[in-house]
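Heads up, the thing below is written out as structure tokens.
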């Protein structure tokens with residue numbers, strides 16, 4: 001059998017490894033248009049901030065390891081430019097010499113990943129490569145930014161986008177002594193009062209936050225190579241030494257727009273529980289594909305690393321003919337860090353719960369993260385979203401002063417997966433010792449208060 005994998009990211013390589021393990025004699029080829037494979041883009045903010053010293057540390061596999069130990073050929077700088085689903089072939093372009101060739105397949109795995117979202121802002125194509133315009137999605141982006149910050153002193157920067165990467169990159173710029181940082185976005189990642197704790201943390205670091213206007217356009221300043229102009233939709237403008245675009249991620253599926261491949265309006269490839277697309281023998285996984293949301297009961301686009309790795313493995317094992325458990329879906333669990341504040345969320349928001357027709361209520365508590373008498377005790381917050389009639393937990397958010405508190409989100413994610421009620425949550429036998437939690441764990445306190453709103 002001939003298998004072609006489009007994309008050398010974790011999803012694609014997980015699929016390739018699973019297939020090769022089941023069928024060592026199959027002909028598997030991985031085509032990657034870039035120069036890197038199998039890296040953790042989530043680590044980019046920490047590499048730029050120099051907490052991770054080497055770019056190599058972000059990579060889990062290299063082409064040499066895959067070819068020598070797993071016998072999977074990886075073709076770097078090879079871009080698949082066209083797929084003929086009817087004739088089961090792809091057109092590949094060698095980006096080094098611009099030559100092209102066709103390659104047939106029996107099975108195809110589309111793992112092209114995501115791309116930086118730039119459609120929400122007006123910016124000329126040539127400005128995307130401007131030496132003072134940055135993104136933080138690939139290792140090439142990371143190296144460009146870190147090299148710039150190591151060689152150029154800047155006084156200010158505008159970060160457009162206040163999601164995970166936008167917030168995490170604040171530390172990186174502060175680490176290089178940038179004092180004037182402006183963050184522009186519709187919200188501080190959360191869609192609830194949890195973002196008030198994020199705002200307080202940003203205030204401690206004198207971050208200028210603009211949530212009432214959106215960046216509309218980026219343009220050069222005539223006769224200036226060292227500054228850019230950011231125009232906002234309220235008519236104001238910002239003059240800055242550098243701009244970072246962190247407006248989110250979109251599926252990198254443009255080449256399939258006019259094909260028979262079923263996709264969401266944003267380009268995410270629709271897959272089933274075994275990562276099969278609507279086209280026979282064509283699979284997809286990772287940041288270019290959908291996931292089934294177990295609470296919303298629909299296909300969604302939530303591009304996160306754990307999902308990509310799981311989907312890649314399932315796709316590969318299914319292609320190999322192995323009996324494999326289907327992908328269990330997602331509930332939107334995520335965790336991130338903003339300076340000294342650790343944030344996490346899982347499940348759905350109050351607004352999403354209302355849209356589902358739930359009799360929704362919320363409870364937010366602030367409580368000591370550890371025992372009140374233990375040194376350096378600080379407050380953490382927990383928000384619970386739940387249905388007052390069924391008593392089902394629907395979502396949760398946490399802000400905490402340490403990873404210890406934020407990782408409590410995993411208890412709540414497990415509770416959601418188990419379809420636990422607020423009553424069930426309140427009965428949990430959670431661990432206690434002064435350095436780890438108060439005698440009444442904050443989760444139990446939140447559940448106790450939530451019970452008062454149940455019908």
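Rule-based calculations on the coordinates, nothing more; no lab input. Not measured: the values here are computed from a predicted model. Cβ placement follows ideal geometry from the backbone for every residue including glycine, while neighbour counts extend to all protein chains displayed.
Things to note:
- Peptide ranges 180-192, 146-158 listed from the most packed, as the mean C-beta count within 10 angstrom indicates: 180-192, 146-158
- The stretch 334-451, Cα convex hull volume normalised per residue, Å³: 88
- Percent RCO, i.e. relative contact order, over the chain, from Cα pairs under 8 Å lying at least 6 residues apart: 13
- For the stretch 174-197 versus the stretch 1-54, the gap between their alpha-carbon centres in whole angstrom: 32
- Beta bridges assigned by DSSP with both partners in the chain are antiparallel in approximately 65 percent of cases.
- Principal axes of the stretch 1-77: Cα extent on each, largest first, Å: 45, 21, 17
- Residue-averaged 222 nm ellipticity for the chain, from DSSP H runs of 4+ at -39500 (n - 2.57), nearest 500: -7000 deg cm²/dmol
- Cα-based shape type of the stretch 25-141, given that a ≥ b ≥ c are square roots of the gyration tensor eigenvalues and the cut on a/c is 1.5: oblate
- Chain lengthening between residue 259 and residue 234 when straightened (0.36 nm per residue, less Cα-Cα): 5.1 nm
- Over all pairs of different C-alpha atoms in the chain, the reciprocal of the mean inverse distance, the Kirkwood hydrodynamic radius, equals 23.8 Å.
- Summarising the overall dimensions of the stretch 121-167 from its C-alpha atoms, the Rg and Dmax are 11.2, 29 angstrom.
- Ratio of Rg to Rh over the stretch 125-245 (Cα coordinates, Kirkwood Rh, two decimals): 0.95
- If R0 is taken as 60 Å, the Cβ-Cβ distance between residue 451 and residue 69 corresponds to a FRET efficiency of 0.65.
- Ordering 384, 404, 61 from the fewest to the most neighbouring beta carbons within 10 Å gives 404, 61, 384.
- Debye equation applied to the C-alpha atoms of the stretch 196-318, log10 I(q)/I(0) at 0.12 Å⁻¹: -0.70
- Estimated FRET transfer efficiency (residue 378, residue 221; beta-carbon r; R0 45 Å; 0.05): 0.55
- The stretch 306-365-the stretch 385-406 distance, computed between alpha-carbon centres (Å): 14
- Distance between the 7 Å Cα→Cβ label points at residue 140 and residue 431: 4.4 nm.
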